[in-house]
Amino acid sequence: MDLEYVPTHLEEWISNEYIKRNILCPKDLTISNLSQKFGFLVGTHPTDSASGEWAGIHLIRLDDRIDPLKQKENFYHELCHVLRHVYGQDKMPQMFFELQEYQARNFVKYAAIPYHMLKHLKPGEHSLKHASELFGVPIEVCVARLNAIQARQAYKRNQQFRSSVPIILNC
């Protein structure tokens, strides 16, 4: 995908973490590979997905009752909690809990389709289906990622326009 695009700090952070661990192309984005590269355990169980730490070991539990694409989306959500949050959401104030959940939902689109892998996307009418198949996530995640890209590009264009427009003051 050819685009003039400046990533957010979160996108850069995710890409840097992936690159450090030799996670370089979409085929590297499997649950087993990511968990091995980041050094945590993943298991499935017929209950809601969750993450935590036990005896210094980071754990992610995925709901085995849901389809594999949704399960992978849940994996990225829990990956955010493992990499960026502290545990004990049941003991934190509600607003902190909601903030962490918002951050984890936002993290999903960037972790699932990282900045350094955008070049693998193909523009066109079937691009969302292609992205879903290539990255192994639901189309809704691909839509959210595409919307984030377009919003970021629009913001940058607006910033460039503002900086190129002279300000005339009538004093």
### Summary
So, for the Cα atoms of the chain, Rg and Dmax in Å stand at 18.5, 70
#### Entry: Charge context of A50, other residues only, Cβ under 10 angstrom, K/R +1, D/E -1
-2
### Query
Out of residues 5 or more away from T44 or on other chains, whose amide H comes under 5 Å of its own, with H placed 1.01 Å from N in the peptide plane?
L62
### Message
Leaving out ligands, DNA and RNA, and with a 1.4 Å probe, what % of the accessible surface on segment 1-68 is carbon or sulfur?
### Response
53
### Message
Suppose accessible area is computed on protein heavy atoms with a 1.4 Å probe; arrange F96, F107 from highest to lowest.
### Response
F96, F107
#### Entry: Cα-centre dipole for the chain with unit charges at Cβ (Lys and Arg positive, Asp and Glu negative), debye to 20
480
#### Entry: Listed residues A112, I139, I149: farthest to the positive end of the dipole of the chain (Cβ charges)
I149
### Query
Points 7 angstrom from Cα along the Cβ direction at T47 and Y5: gap in nanometres?
3.8
### Local electrostatic count at L41 - Lys and Arg +1, Asp and Glu -1, tallied over other residues with Cβ under 11 Å
0
### Task
Please list, or write none, the lysines whose alpha carbon is within less than 19 Å of the alpha carbon of K122, excluding same-chain residues fewer than 8 places away.
K27, K109
### Query
Hey, if we sort L134, L62 by accessible area with the 1.4 Å probe, largest down, what's the order?
L134, L62
## Note on the structure
Farthest towards the positive end of the dipole of the chain, among L99, N16, Y76 and with Cβ unit charges of +1 on Lys and Arg and -1 on Asp and Glu, lies the Cα of N16
### Query
Using a Gaussian network for the chain with springs between C-alpha atoms less than 10 Å apart, which of these wobbles most: A104, A154, A50?
A154
### Task
Give the peptides 38-49, 70-81, 15-26 in descending order of average Cβ contacts within 10 Å, highest first.
70-81, 15-26, 38-49
### Task
Determine the sum of side-chain charges near N22: Lys and Arg each +1, Asp and Glu each -1, restricted to other residues whose C-beta is under 9 angstrom from that of N22.
+2
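The values are calculated or read from the model by the stated rules, or taken from the named source; none is laboratory data. If you're wondering where the values come from, they're calculated on a predicted model, not measured in any experiment. When we count neighbours, we look across all protein chains shown, and the Cβ atoms used for this are built from the backbone with ideal geometry, even at glycine. In case anyone asks, the SASA skips ligands and DNA or RNA and just uses the protein heavy atoms, side chains included. Shrake-Rupley method; radii C 1.70, N 1.55, O 1.52, S 1.80 Å.
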